[in-house]
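What follows is a single structure, written as structure tokens, with notes after it.
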Amino acid sequence: MDETDLRLDGNAVAGMLAEMSGFDLTVAWGACAGCGTSNQLGAALVYAHGMGVVACCPSCGQHLLRVARGEGRWWLDLRGLAWLQLDEQARIAR
Amino acid sequence: MGGFVSRGFKGRRRAGPEQATRLPPGQYAEPGFPVLTAGPTPRIDLAEWRLRVEGLVASPREWTWEEVQALPRSTFEGDIHCVTRWSKLGTSFTGVSVDTLLDAAEPLPQASHVVAFCYGGYTTNLPLEDVRGGKAWVVWEHEGQPLPPEHGGPARLLVPHLYFWKSAKWLNGLRLLDHDAPGFWEGLGYHNRGDPWREERYWGD
Amino acid sequence: MGRLSWRLATVTDVRPETGRVVTLALEVPDWDEHLPGQHVDVRLTAEDGYQAERAYSIASAPDGARVELAVERLEDGEVSPYLAGELRKGDQLELRGPIGGYFVWEPDRGGPLLLVGGGSGVVPLMAMLRRRAAAGSQVPARLLYSARTLEDVIFREELERLEGAGDGLAVTYALTRAQPAGWTGYARRIDAVMLEEVSWRPGERPLAYVCGPTRLVEAVAGHLVALGHDPSRVKTERFGPTGVP
């Protein structure tokens, strides 16, 4: 087993990201702060490590975003995104 | 959904009573060795591999693979605890004591903290005291076998008295500082020190 | 109750599909009809409060409050042996969803449609084909399905029926480990040559959906792009173990 088997994509963490943000983030477009390429987050390469989720740019591999949660709190690092577009149509009712 | 129980679901078996006293609060005993990864596994050519001790030291040092293998061997036998709640009881790792490395590099008096930096970019921070006095190793063998890449091989840091995210995989070196500098997970809500016996999982715990 | 709320579904049927795969038919109160390709998060709770959560693609076409999952029992799995081994008709199952609008196809998106699945990766693709059939859609579709053996092919009879309807669906199998006597089909892992032979030409601008283990998905997506297909028309969904916090 190497990390290839453990590499997933944005679809795998759709529920968690929806819980966090209130949006279906798999359809959200975001631009990589590193290489500038934009993609929907469903296409992001995701390492769903038990401690947190790391989503990487499918073009250059750099981190787009990192999310951790514990004890009723969420921590977000969005520095890897130059911008993130949220579409009202993708808002999810709790 | 308070109270719903899935009929007949047991989950992975957790601690038997004889193990319970060895487990820090909130942990369960895991016989396997789960692989947790936050990125691609770095592939490091042993000829290029280096172990560095730098920063607030009198003699910054760098060892090649052969040089580090020639240092006095030291083995840890005991338990490791992951913040994701699994603990692996009665395991062993072999390598070199961090004390050996620090003795060679000679920390300056103002050095109070360490950042472990790794191939692939991972970092974790620790108080210097937590890697001295026989509490930490740089290891390249697990249970008698070479440490596999998915578990941090060629070599990882081992600091078993703290949560296992401090035992940084794919170690490249230790940098001594006079201040604390949050690493990869510490900068994302995790505790700066991570003592499992005080359940220091998250920032503010 | 929104899509993020956990709700209790009732198991109305448990049907073996192959030696390892089971279809769970569920009745879900207040269900928001899903789009083909979406999934649900399933949550199991043990008596001592321990919980385990996994995502499962919906296998069925949208059909009111009825949702079907096809679960492969993994040997070292924690959740799949319960779902595809213990769960029985009448039991309740906690789930939330439907989730995920990225890996979705509906007939009005057009085509031609190229579906490539490995193992249980065929499940969301099946939801797409079932929806296509239910809608009487004539969008031309090709399914390339990689499985270890013919016995491991999930939904085999139904795929034969769908293909036999003559509405523009072609199904091709790649049996990677063992083939029945007289097998004239592909007997190897999906590769660039096979994809070129099976898939639409890039000029036909197919919508491609690739699902299965990461290795297969990444190899297939890479080949499709190398063959000249527009990367923005190739969508991927990787299946694998998660440690979602």
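The condition (being touching a residue at least 12 places away in the same chain (Cβ under 8 Å), within 12 Å of chain C (Cβ to nearest Cβ) and basic (Lys, Arg)) is satisfied by just one residue among A:ARG79, A:ARG94, A:ARG73: A:ARG94.
Restrict the check to the stretch A:76-85 and report whether at least one residue is in contact with a Pro (Cβ under 8 Å, 6 or more places away or on another chain) and part of a strand (DSSP E or B).
no
Answer with yes or no whether A:GLN85 is in contact with a Ser or Thr (Cβ under 9 Å, 6 or more places away or on another chain) and either in contact (Cβ under 8 Å) with a residue 60 or more places away in the chain or under 19 Å from A:ALA33 (Cβ atoms) (or both). Yes; evaluated as a whole, the condition is true for this residue. Among the residues making up the stretch B:151-161, those that are touching a residue at least 40 places away in the same chain (Cβ under 8 Å) and more than 14 Å from chain A (Cβ to nearest Cβ) are B:PRO154, B:ALA155, B:LEU157, B:LEU158, B:PRO160. Counting only helices (runs of 4 or more DSSP H) that sit wholly inside the stretch C:146-245, those with at least 2 residues that are more than 21 Å from the chain's Cα centre (by Cα) and among the hydrophobic types (A, V, I, L, M, F, W, C) are C:192-198, C:214-226. Listed by first and then second residue, the pairs linking a residue in the stretch C:216-245 that is more than 10 Å from every other protein chain (Cβ to nearest Cβ) and in contact (Cβ under 8 Å) with a residue 60 or more places away in the chain to a residue that is part of a loop (DSSP other than H, G, I, E, B) and β-branched (Val, Ile, Thr), with Cβ atoms under 9 Å apart and 6 or more places separating them unless they lie on different chains, are C:LEU216/C:ILE190; C:VAL220/C:ILE190. Scanning the stretch A:9-36 for residues that are within 7 Å of chain C (Cβ to nearest Cβ) and either in a helix (DSSP H, G or I) or within 19 Å of B:LEU188 (Cβ to Cβ) (or both) turns up A:GLY10, A:ASN11, A:ALA12, A:VAL13, A:ALA14, A:GLY15, A:MET16, A:ALA18, A:GLU19, A:THR26, A:VAL27.
Quick check: anything in the stretch C:116-129 aliphatic (A, V, I, L, M) and more than 16 Å from the chain's Cα centre (by Cα)? No, every residue in the stretch C:116-129 fails to be aliphatic (A, V, I, L, M) and more than 16 Å from the chain's Cα centre (by Cα). Please determine whether any residue of the stretch C:185-198 is touching a residue at least 24 places away in the same chain (Cβ under 8 Å), within 14 Å of chain A (Cβ to nearest Cβ) and buried (at least 17 other Cβ atoms within 10 Å of the Cβ). No, the conditions are met nowhere in the stretch C:185-198.
Residue by residue, here is whether (1) closer than 25 Å to C:TYR145 by Cα; (2) touching a strand residue (DSSP E or B) at 6+ places or on another chain (Cβ under 6 Å); (3) away from chain A (no Cβ under 14 Å); (4) in contact (Cβ under 8 Å) with a residue 60 or more places away in the chain holds:
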{"position": "C:SER80", "(1), (2), (3), (4)": "yes, yes, yes, no"}
{"position": "C:ALA84", "(1), (2), (3), (4)": "yes, yes, yes, yes"}
{"position": "C:ASP91", "(1), (2), (3), (4)": "no, yes, yes, yes"}
{"position": "C:GLU94", "(1), (2), (3), (4)": "no, yes, no, yes"}
{"position": "C:VAL104", "(1), (2), (3), (4)": "yes, no, no, yes"}
{"position": "C:GLY110", "(1), (2), (3), (4)": "yes, no, yes, yes"}
{"position": "C:LEU115", "(1), (2), (3), (4)": "yes, yes, yes, yes"}
{"position": "C:GLY118", "(1), (2), (3), (4)": "yes, yes, no, yes"}
{"position": "C:VAL122", "(1), (2), (3), (4)": "yes, yes, yes, yes"}
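Here is a check on your reading of the model: is A:ASN39 within 20 Å of C:THR236 (Cβ to Cβ) and in a strand (DSSP E or B)?
So A:ASN39 fits the description; yes.
Looking at C:ALA55 and the list (1) more than 21 Å from C:VAL210 (Cβ to Cβ); (2) within 14 Å of chain A (Cβ to nearest Cβ); (3) not hydroxyl-bearing (Ser, Thr, Tyr), which single condition is not satisfied? Every condition holds for C:ALA55 apart from (1). Restricting attention to the stretch A:37-62 and to residues that are surrounded by fewer than 24 Cβ atoms within 10 Å (Cβ to Cβ) and away from chain C (no Cβ under 12 Å), the residue that is farthest from C:GLY222 (Cα to Cα) turns out to be A:GLN62. Just one of (1) out of contact with any helix residue (DSSP H, G or I) (no Cβ under 6 Å at 6 or more places or on another chain); (2) buried (at least 22 other Cβ atoms within 10 Å of the Cβ); (3) free of Cβ contacts under 8 Å to residues at least 40 places away in the same chain fails for C:TYR145. It is (1).
Take the stretch B:6-29 and flag every residue that is at pLDDT 85 or above, at negative phi and either among the aromatic types (Phe, Trp, Tyr) or surrounded by fewer than 18 Cβ atoms within 10 Å (Cβ to Cβ) (or both). Correct list: B:ARG7, B:PHE9, B:LYS10, B:ARG22, B:PRO24, B:PRO25, B:TYR28. Scanning the stretch B:169-193 for residues that are under 30 Å from B:LEU46 (Cβ atoms) and touching a Lys or Arg at 6+ places or on another chain (Cβ under 6 Å) turns up B:LYS169, B:LEU171, B:GLY173.
Candidates in the stretch B:162-191 are the residues that are assigned to a strand (DSSP E or B) and hydrophobic (A, V, I, L, M, F, W, C); of these, the one that is farthest from the other protein chains (Cβ to nearest Cβ) is B:LEU176. Scanning the stretch C:125-140 for residues that are of a type outside the set (Lys, Arg), closer than 29 Å to C:ARG73 by Cβ and in contact with a Leu (Cβ under 9 Å, 6 or more places away or on another chain) returns C:LEU125, C:MET126, C:ALA127, C:MET128, C:LEU129, C:ALA133.
Taking first residues from the stretch C:4-23 that are more than 30 Å from A:ALA90 (Cα to Cα) and partners that are aromatic (Phe, Trp, Tyr) and at pLDDT 95 or above, the Cβ contacts under 8 Å between residues at least 6 apart in sequence or on separate chains come to C:GLU17/C:PHE155. Note on the stretch C:91-138: residues that are touching an Asp or Glu at 6+ places or on another chain (Cβ under 6 Å) and in a helix (DSSP H, G or I) total 1.
Would you point out the residue of the stretch C:1-19, among those that are outside any strand (DSSP E or B) and more than 8 Å from every other protein chain (Cβ to nearest Cβ), that is surrounded by the fewest Cβ atoms within 10 Å (Cβ to Cβ)? If you could, list the steps in order and put the result at the bottom.
So the first thing to find is which residues in the stretch C:1-19 are outside any strand (DSSP E or B), and the list is C:1-6, C:17-19.
From the residues that got through so far, the ones that are more than 8 Å from every other protein chain (Cβ to nearest Cβ) too are C:1, C:17-19.
Details: C:MET1: 13, C:GLU17: 21, C:THR18: 19, C:GLY19: 9.
Selected residue: C:GLY19.
The values are calculated or read from the model by the stated rules, or taken from the named source; none is laboratory data. Only a predicted model underlies this, so the values are computations on that prediction, with no experimental measurement involved. Quick reminder, even Gly has a Cβ in these numbers, built from the backbone with ideal geometry, and neighbours come from all protein chains shown.
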